[in-house]
Amino acid sequence: MGERATVFEGATVFKGATVVDGTGADRYRADVRIADGLIAEIGAGLGGPSEVDADGLVLAPGFIDMHAHSDLALLLEPEHPAKVTQGVTCEVLGQDGLSYAPADDTTLPELRRQLAGWNGDPADFDWDWRDVAGYLDRIDRTRIAVNACYLVPHGSLRMLAMGWDDRPPTPAELDRMRQVLAQSLLHGAVGMSSGLSYTPGMYADTAELVELCTVVAAYGGFHAPHQRSYGRGALEGYAEMVEIARRSGCALHLTHATMNFDVNRGRAGEFLELVDRALADGVDLTLDSYPYLPGSTTLAALLPSWATEGGPDATLARLADPGDRERIRHAMEEQGSDGCHGVVADWSTVQVSGVRSARLAGVVGRTVAELAAERGTGGTEVFLDLLRRDELATTILQHVGHEENVRAVMRHRAHTAGSDGLLVGARPHPRAWGTFPRYLGHYGRELGVLTLEQAVARMTGRPAARLGLDRRGRIAPGYHADLVLLDPERVRDAATFEQPRLPAEGIEYVYVNGTAVVRQGRTTGARPGRALRRTDRGAQAR
């Protein structure tokens, strides 16, 4: 496939840069010249019409966000300041088994409602695609600041074939899922995601996922599961994902690989032993994580699975039924909801980060426990009423992570970086604006958990290899000029839980396909990114 027609900036030379090339090799000093969107030459004494003084600065490949939720943000705000100011030059969309393609005229409105808490739901937006090819074409027509890859969402596939039913698919329904999946992979998707604690993906059994992953393997893609539990059933959930990889022959990428909630404090070693056994047995396995303790999702995700069968309207009807509300209360407070990862809800850890209804703006930043105490009611009653009043669109932070687990996972040899950042809401998780500089600054320079070379490899060369990207993720002649120039002594995340949209510090220049999207720490407004479609030669631009 040929490159899409692009106007490149003229040749630029980064003079005297400290090159960290994305392979994990030791840094070295060199001049690096880029031209026509590519890295043209690396050496000493290079010159060109435009020169950037890189003395004392680190030149690295552009960072790759292995778990992004920018599916609409890239189309609504294509300059994408949240990510380019971190040095991100490529994102992987279609995560957690839910996104907007493939779809049809029935499922697209349902997906819009379900995903409103993740991505918003603009009323005046032109939803002019239904399949993966159409979505990727829309990205290219929009002209975006970063490159983007796409995973086929299993939940969207399942919805298209069989609706919201909690049952195994019929042979005909499974055939349709396989056919649409194969078509989507031919359209350029890099693999399949699944969301096994979200409806309707959570209704799939292991056998269904093996069948679909066999298709993914045939096209050279990978499976990126949000597995069934990150709480009480975390290890069993990870083991199931490894078993699916073994039986299907499909490469496996464990997304937001965490061990959360009190039941998993200090247990990252058990998870990593499982990973190491799989790698030793030949399973093609990688993982990603975010460098923070709290997680982030929708409030509705905590509901027990039976309460969400049938889709949003059926869910809202149950929230109004006294008998169903009591069943939900029992699951949340006594039994442990599967939506809450098998643990009893601790409402003091559930903090509202965003609402769709302006009438509810006052609850943002408050925990469910605080709201319950203020109103003199139980936490589950507040939970159910918020869901009803905000029509399931409320987003939350869950303060359930453990520092020792976070550090253990990021040290692992299969680790890559992913933000899992939601970009909507009044106070979203700061990981959407801070993940990559936080790896470099807090966990690298300040704590020494990772060396600079290790951190960069996890954010560049290693994810590029998993994605099968064509000549990306390294600094080498002939590679695409996706580059970050940063100050290793200043780089840090500035975004906080109180001010989550502050851009990173110390990111001086960012180039995407040879064009500067950040120059001297400021966004340029340039939009040289594109959809990177997987072909039999790897993921590359069309």
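The values are calculated or read from the model by the stated rules, or taken from the named source; none is laboratory data. Quick caveat: nothing in here was measured; it's all calculated off a predicted structure. Cβ placement follows ideal geometry from the backbone for every residue including glycine, while neighbour counts extend to all protein chains displayed. In case anyone asks, the SASA skips ligands and DNA or RNA and just uses the protein heavy atoms, side chains included. Shrake-Rupley method; radii C 1.70, N 1.55, O 1.52, S 1.80 Å.
Just to confirm the number: angle between the C-alpha axis of helix 132-142 and the first principal axis of the chain, 0 to 90 degrees, nearest 10?
With rounding to tens, the tilt is 50 degrees.
Loop-only GluC sites (Glu not before Pro) in the range 182-279, please: DSSP not H, G, I, E or B, and at most 11 other Cβ atoms within 10 Å.
When the GluC sites (Glu not before Pro) of the range 182-279 are filtered for loop state and at most 11 Cβ neighbours within 10 Å, nothing remains.
Out of V456, A307, G266, whose Cα points farthest toward the positive end of the dipole of the chain (charges: +1 Lys, Arg; -1 Asp, Glu; placed on Cβ)?
The one lying farthest along the dipole's positive direction is V456.
Mind putting a number on the dipole of the chain about its Cα centre? Charges go on the C-beta only, +1 for Lys and Arg and -1 for Asp and Glu, and I need it in Debye to the nearest 20. Walk me through the numbers before you get to the answer.
Details: 57 positive and 72 negative charges, 173 e Å.
Magnitude of the dipole: close to 840 debye.
So how much accessible area does E391 have, in Å² to the nearest 10, using a 1.4 Å probe?
100 Å²
Over the chain, average the accessible area per residue using a 1.4 Å probe and give it in Å², no decimals. Write out the running numbers ahead of the final one.
Details: 18430 Å² over 542 residues.
For the chain, the solvent-accessible area averages 34 Å² per residue.
Hey, can you rank 509-515, 34-40 by average C-beta count inside 10 Å, highest first?
509-515, 34-40
Order these peptides, 315-326, 251-262, 489-500, 365-376, by their mean beta-carbon neighbour count within 10 angstrom, highest first.
251-262, 489-500, 365-376, 315-326
Determine the distance separating the Cα centre of the range 211-267 from the Cα centre of the range 268-283; give it in Å without decimals.
12 Å
At 1.4 Å probe size, with the rest of the protein present, what percent of the exposed accessible area of the range 396-500 is carbon and sulfur atoms?
Working: 1500 of 3190 Å².
With neighbouring chains kept in place, the figure for the range 396-500 is 47 percent.
DSSP loop (so not H, G, I, E, B), at most 16 other Cβ within 10 Å: list which trypsin sites (Lys or Arg not before Pro) in the range 129-236 pass both filters.
Passing sites in the range 129-236 are R143.
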